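Accompanying notes for the structure given below.
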Amino acid sequence: MAERGFCARYAGDFRELCVALFREARNLTRRVQHLKVLIPLHKGRNMKTQIGIWWDNGRQIIAFPVPVGSPNPLTGLCDSDDSHNDCWPEAAMQLGASSGDEYFSVPRGRVLYDPTNRKSIIYHGNRTDETRLTLIAAKFGLEQWEARKDGHYMMGSAADHFFDEE
């Protein structure tokens, strides 16, 4: 029976096998280091663009990021299936909110991805400023993004007209 493979070549000499394995490992290490130079990391982060929902109380951002999936056939946008109402118990605990607080009592929003324009969209309300939006973008690993105010996420008097009875 003919011997095959790397180890078979050195079957008679254990020392020679060890030297050959060490040499091969060193060569692989050099190749990997070379590849690290050729393949840049995601702007210094080892993170891909994600989508999802978030809350921001001004001190802490609680995010529920998920990988980008297939776009919605109607909107063309990639969105997460998470809802603020369903994720609120976990977010409230992390934010230190009381059990009586509602999910809309803390500024919140959603991150979607537009595959056509290769850009993420951060939907937010009137209580989220540019500095916080930048931190939210970092939480979701966003490179190209834009912010859009959405009436659904407004708070205080800006949201009152959604609940006015006429």
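The values are calculated or read from the model by the stated rules, or taken from the named source; none is laboratory data. Remember, it's a predicted structure, so these values are computed and weren't measured experimentally. Neighbour counts are summed over all protein chains in view; Cβ atoms, including those assigned to glycine, are modelled from backbone coordinates with ideal geometry. When the accessible area is computed, the model is the full protein with side chains, heavy atoms only, and any ligands, DNA or RNA have been set aside. Shrake-Rupley method; radii C 1.70, N 1.55, O 1.52, S 1.80 Å.
So here's what we get for this one:
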{"item": "Residue match in segment 88-108 (condition: under 15 Å from the mean Cα position of the chain (by Cα) and open to solvent by less than 30 Å² (accessible area, probe 1.4 Å))", "result": "no"}
{"item": "Residues of segment 51-84 that turn out to be under 16 Å from G109 (Cα atoms) and either hydroxyl-bearing (S, T, Y) or open to solvent by less than 40 Å² (accessible area, probe 1.4 Å) (or both), as a count", "result": "15"}
{"item": "Near pairs, Cβ below 8 angstrom, 6+ apart or cross-chain, from segment 112-129 (on the phi > 0 side of the Ramachandran plot) to any residue that is surrounded by fewer than 21 Cβ atoms within 10 Å (Cβ to Cβ)", "result": "R118/Q144"}
